[in-house]
Amino acid sequence: MAHISSLRQLEFLFRSTSVAGIDGGGAAISDPGYNSPREFIPVGQTLCRPRSNPATDAVALQSRGRDLRLEAKVREILQSLGATKLARNLSVEWNSRLKTAAGRADYRSKLISLNPQLVHHPAEIDRTLQHELAHILAQFRAGRRRILPHGVEWREACRDLGISDEKRCHNLPFPVSERARRYLYRCPGCQRDFPRVRRVKRAVACLACCRAHNGGKFDARFRLRLVNSTVL
């Protein structure tokens with residue numbers, strides 16, 4: 001999981017019809033421990049950390065889909081930080097497809113997804129929610145500018161949310177994914193390898209090389225190439 005997480009920070013997603021984003025194993029924002037396969041990736045007053053209620057959390061998990069109670073929490077937080085427009089569009093859901101990741105932040109869809117297994121770790125629900133919210137908030141503040149999943153902008157958002165000591169990855173005892181990463185991609189520039197469970201269908205380039213040689217913009221010279229389709 002840690003290996004996949006580090007790779008997510010090195011990738012860069014290019015879309016011909018929209019602004020490129022950072023690829024975290026899918027399209028859009030995510031983050032290794034908390035953010036799941038997609039990486040994309042603030043209170044003039046003191047921010048009060050939302051309290052967890054195991055009973056109501058369990059009900060929300062059983063209902064699946066959107067969690068209106070948690071949505072109300074994050075919208076209130078965002079409004080207190082001046083991000084009113086983002087607050088109106090942000091949704092929160094419980095997603096059973098998340099297995100090893102505690103949560104996922106998708107800025108394009110303005111969606112935070114949480115792993116239903118968190119019901120067994122009620123104290124981590126709000127922490128995970130704020131971790132993912134920090135990703136959304138950081139990209140909202142950056143606008144069209146690309147940022148690293150756990151870079152300076154994310155750290156700043158964490159501080160504004162009252163979790164300045166937040167770690168990049170969670171240490172919850174979630175089962176390790178057994179899905180074979182059958183596709184191996186390689187950057188023709190730095191020769192880094194990027195194993196994937198599914199075939200990459202978009203034009204994806206090595207973020208590290210694009211940042212080092214092209215100001216962070218997509219550069220076809222560093223587009224990932226499929227070198228093996230039977231990686232286990």
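What residues have an amide H closer than 5 Å to that of Arg108, excluding those fewer than 5 places away on the same chain, when H is modeled at 1.01 Å from N in the peptide plane?
Ile29
Trypsin sites (Lys or Arg not before Pro) within region 62-96: which are DSSP loop residues with at most 13 other Cβ atoms inside 10 Å? Display every interim value, and only then the final one.
On the way: sites: Arg64, Arg66, Arg69, Lys73, Arg75, Lys85, Arg88; in loops: Arg64.
Here the trypsin sites (Lys or Arg not before Pro) that fit, given the DSSP loop and packing criteria, are Arg64.
At 7 Å along the Cα-to-beta-carbon direction for both Asn214 and Ala123, put a label point, then send me their distance in nm to one decimal.
My value for the distance between the label points is 4.7 nm.
Can you give the FRET efficiency to the nearest 0.05 for Glu156 and Ser109, using r as the Cβ-Cβ distance and R₀ = 30 Å? Don't jump to the answer; show the numbers that get you there.
On the way: r = 23 Å, r/R0 = 0.76.
Step by step, r from the Cβ atoms, then E = 0.85.
As an exercise, use a Förster radius of 22 Å and the Cβ-Cβ distance of Arg144 and Lys85 to find the FRET efficiency, rounded to the nearest 0.05.
On the way: r = 15 Å, r/R0 = 0.68.
Efficiency, rounded to the nearest 0.05: 0.90.
Fully extended, how many nm does the chain gain between Arg182 and Arg225 (0.36 nm per residue separation, minus their Cα-Cα distance)? Numbers along the way, then the final one.
Numbers: separation 43, 0.36 × 43 = 15.48 nm, distance 1.39 nm.
Here the answer is 14.1 nm.
With r as the distance between the Cβ atoms of Arg199 and Leu68 and R0 = 45 Å, compute the FRET efficiency 1/(1 + (r/R0)^6) and round to 0.05.
Working: r = 36 Å, r/R0 = 0.81.
The value I calculate is 0.80.
Values in this text are rule-based calculations from the coordinates and carry no lab data. Owing to the predicted nature of the structure, the values given are computational and were not obtained by experimental measurement. Counting neighbours? That spans all protein chains shown, and the Cβs are built from the backbone with ideal geometry, glycine included.
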